[in-house]
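One structure below.
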Amino acid sequence: MMGVDDSTSSASVSGKTVCVTGAGGFIASWIVKQLLQRGYTVKGTVRNPDDPKNAHLKELEGAKERLTLCRAHLLDFHSLKEAIHGCHGVFHTACPVTEHPEQLLGPAVNGTRNVIIAAVEAKVRRVVYTSSIGAVYMDPKRSPDDVMDESYWSDLDFCKNTKNWYCYGKTVAEKAAWELAKEKGVDMVVVNPAVVFGPLLQPTINISTLHILRYLTGSVNTYPNTVQAYVHVKDVALSHILVYETPSASGRYLCAQTVLHRGQLLQILTKLFPEYPIPTKCSDEKNPRAKPYKFSNQKLKDLGLEFTPVMQGICDTVKSFQEKGLDNQKAYLLASKL
Ligand SMILES: NC(=O)c1ccc[n+]([C@@H]2O[C@H](COP(=O)([O-])OP(=O)(O)OC[C@H]3O[C@@H](n4cnc5c(N)ncnc54)[C@H](OP(=O)(O)O)[C@@H]3O)[C@@H](O)[C@H]2O)c1
């Protein structure tokens, strides 16, 4: 623990100034919204404050009075230092969400390093870092009966050999962040979300909501034989704030509500929205159906988080696409270029 405000109770931290990196992104926009609702003053970093894709932030309740957008790039230490200066806490959420290692690794690893060092210099009381379940579950040696919790780490060699660069990058970045936080004596807490869906505040589609959109537009005829854990974006944002505000919060927090086979996800989609051409056929009819893995989200429940049921998350995502006119092939093709 360090910094200007060590009297850590949620009453003493809310209302103070905090920084959210990558504020215009899917998850970060919800963090900013909820922080503003709780009375915080927020400095949000974006790469271009004038880009229309960040305009939604200025419309959030409380934004006019308490939100400043700061131009910052993860690889530009001085821009981050300026944004984090004067803040009591940092929510470090910015990261390219991509499978291209050359685009991911620099910002994920060195960018996170820059954020932590800027946070040290600003003497913030806590850094909340958005990692991923991708830094937790990607390990072929994990037994199907294991109940995965925060002690689990993805296997870097396995990620590399299977060219799963996103999981690789998030794992390397989180490990490096823990090492640096320890070396510098930074109070850091990490949230490891599963695949996130729910309503979009931003005008564009991000990768995890694209995950649902592609099944609505007739772009794919089959679904893969795979399982994935899911969580609602409002729960992810609230998890970040709970781990920030709870003095005793520490370590990692696995943020997942349920695991679904892709076929189950599509069954729910079809039940809720039968008007879309949702695939009914699995691309793999030879192998046994992939089994869901077990996990524990008890650490977040112990902080008071009540997870939103998955059906609600799916419903909210599609309704949000519909409201924004994004539930069509054109939106899908545009977003596929991400
Ligand atoms: N969505 C999920 O399912 C999920 C699950 C687990 C973990 N996560 C993690 O959650 C975080 C946010 O994900 P998201 O889904 O909200 O993604 P997103 O909507 O694509 O947001 C990513 C944000 O990072 C910013 N960013 C990327 N590279 C940057 C750079 N070099 N310098 C400054 N800012 C940069 C982007 O800014 P621009 O707008 O300027 O591009 C954008 O605001 C990421 O760390 C991701 O790994 C996401």
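The share of C-alpha pairs in the chain whose separation exceeds 29 Å stands at 36 percent.
Label-to-label distance for N161 and K123 is 5.0 nm, based on points extended 7 Å past Cα in the beta-carbon direction.
Under the √(5λ) rule applied to the eigenvalues of the Cα gyration tensor, what semi-axes describe the equivalent ellipsoid of the range 24-154? Give them in Å, descending. Don't skip to the answer; put the middle values down first.
Working: eigenvalues 163, 59, 49 Å².
Listed largest to smallest, the semi-axes of the range 24-154 are 29, 17, 16 Å.
Taking 0.36 nm per residue of separation and subtracting the current Cα-Cα distance, fully stretching the chain between S248 and T280 would add 6.9 nm.
Listed by chain and number, the lysines whose C-alpha is less than 17 Å from the C-alpha of K81, apart from same-chain residues fewer than 8 away, are K43, K123, K184. Listed by chain and number, the lysines placed with their C-alpha closer than 18 angstrom to that of K160 are K141, K170, K175; residues fewer than eight positions away on the same chain are left out.
What per residue convex hull volume, in Å³, do the alpha-carbon atoms of the range 180-251 yield? Walk me through the numbers before you get to the answer.
Details: hull volume 10.1 nm³, N = 72.
Once divided by residue count, the hull of the range 180-251 is 140 Å³.
Starting with the fewest neighbours, write out T171, T45, T68 ranked by other beta-carbon atoms found within 10 Å of each beta-carbon. Could you put the intermediate results ahead of the total?
On the way: T171 23, T45 29, T68 15.
Fewest to most other Cβ atoms nearby, the residues stand as T68, T171, T45.
Ratio of alpha-carbon Rg to the 2.2 N^0.38 Å globular estimate for the range 10-63, to two decimals, please. Against the empirical 2.2 N^0.38 Å value, I get 1.08 for the range 10-63. For the range 245-338, the number of Lys pairs with C-alpha atoms closer than 28 Å, counting only pairs eight or more positions apart or on separate chains, is 19. Within the same chain, aspartates and glutamates fewer than 8 places from K53 are excluded, and of the rest, those with a Cα less than 20 Å from its Cα are E61, E323, D327. With Cα atoms as the point set, the radius of gyration and Dmax of the range 269-338 evaluate to 16.8, 43 Å. 3J(HN,Hα) along the range 251-256, derived from phi through the Karplus expression 6.51 cos²θ - 1.76 cosθ + 1.60 where θ = phi - 60°, amounts to x, 9, 10, 6, 10, 9 Hz, with x in place of Gly and Pro. Rounded to the nearest angstrom and listed largest first, the equivalent-ellipsoid semi-axes of the range 88-150 from its Cα gyration tensor are 28, 17, 8.
Full-extension gain between E323 and E183, please, as 0.36 nm times their residue separation minus the C-alpha to C-alpha distance. Present the calculation step by step, with values, prior to reporting the outcome.
Details: separation 140, 0.36 × 140 = 50.40 nm, distance 4.71 nm.
Using 0.36 nm per residue and subtracting the Cα-Cα distance, I get 45.7 nm.
The amide H of R126, built 1.01 Å from its N in the peptide plane, has V90 as neighbours under 5 Å, considering only residues 5 or more places off or on other chains.
Expressed as a whole percent, how much of the Cα-Cα distance distribution for the range 227-326 exceeds 16 Å?
Details: 3186 of 4950 pairs.
The proportion of pairs with Cα distances above 16 Å equals 64 percent.
Give me the Kirkwood hydrodynamic radius of the range 210-250, using the inverse of the mean 1/r over all pairs of distinct Cα atoms, in Å to one decimal. Before the final figure, lay out the partial values.
Details: mean 1/r = 0.0750 Å⁻¹.
Across the range 210-250, the inverse of the average 1/r is 13.3 Å.
Values in this text are rule-based calculations from the coordinates and carry no lab data. From a predicted model like this one, the values you see are computed outputs, not experimental measurements. Don't worry about glycine lacking a Cβ; one is built from the backbone with ideal geometry, like all the others, and counts go over all protein chains shown.
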